[in-house]
Amino acid sequence: MGNPATLDPAPQAAAPQSPEQPAAAAVRLFVGFAAFGAGAVNLAISSSFLAGAAGVPGPAEYIAGALAGLWGAGLTTAAVLHLAKGNVPFSRPVRAALMAAAVVHVAAVVFATPATSGLSLSHLAALLLTLMITAAGAWLCRSGNRKGDGAAPAPQPGRLLLAAFAGAVLVAGITTPGLAASSAGESAVPHGGHGISSLPGGHHQR
């Protein structure tokens with residue numbers, strides 16, 4: 001009789017994990033950028049409430065500022081983890097939290113008072129970024145549930161870099177006005193304003 005070890009079939013090697021679809025890789029980058037932008041805008045909204053940009057801070061303003069700050073910090077942390085690992089799950093609680101935040105931003109714009117109307121643009125920017133995160137996350141979930149017929153082609157670095165650049169430009173175009181409308185944006189020093197003399201006649205005035 002032969003050696004039993006030679007009669008057993010050789011153990012099958014683990015199947016190599018197929019690379020991620022190029023579109024999915026680009027969408028994951030976009031989700032990270034959008035979450036980072038939404039986090040920054042929510043932090044700016046928080047600072048506006050706490051700094052009195054929406055009127056003299058009271059209990060309601062402090063609560064709104066604290067909630068916006070916590071949500072903004074959570075989005076920023078999730079963006080960093082997502083960009084670093086790419087495995088932040090879009091579970092049902094996450095989707096519910098994003099939709100709840102979108103409803104809050106809509107309510108803040110619709111029911112804005114004269115004191116809070118200056119933050120409407122910031123809320124609109126945060127709303128648009130939140131909806132983008134939700135839509136992109138839903139697409140990633142559907143894409144992950146599909147079963148491909150073959151191995152997916154590896155993402156090409158050039159196309160992925162181009163998609164990342166386009167996503168970053170889009171997110172920046174939405175985030176920048178939202179930040180500018182907050183108290184942090186209003187307090188920022190204008191570009192080119194550094195080193196300009198405050199004297200009406202310049203340095204050579206006598």
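Of all residues in region 123-141, those that are within 21 Å of L179 (Cβ to Cβ) have Cβ atoms under 8 Å from Cβ atoms of residues that are part of a helix (DSSP H, G or I) and of a type in the set (S, T, N, Q), 6 or more apart or on another chain, in A125/T175; A126/N42; L129/T175.
Does any residue of region 38-52 turn out to be at pLDDT 80 or above and outside any helix (DSSP H, G or I)? No, because not a single residue in region 38-52 is at pLDDT 80 or above and outside any helix (DSSP H, G or I). The residue that is farthest from S46 (Cα to Cα), counting only those in region 161-182 that are among the aliphatic types (A, V, I, L, M) and touching a helix residue (DSSP H, G or I) at 6+ places or on another chain (Cβ under 6 Å), is A163. Scoring G193 on the criteria (1) more than 19 Å from L70 (Cα to Cα); (2) at pLDDT 90 or above leaves a single failure, condition (2).
The values are calculated or read from the model by the stated rules, or taken from the named source; none is laboratory data. For clarity, every value in this text was computed on a predicted model and none was experimentally measured. Cβ sites come from the backbone with ideal geometry, for glycine too, and all protein chains shown count toward neighbours.
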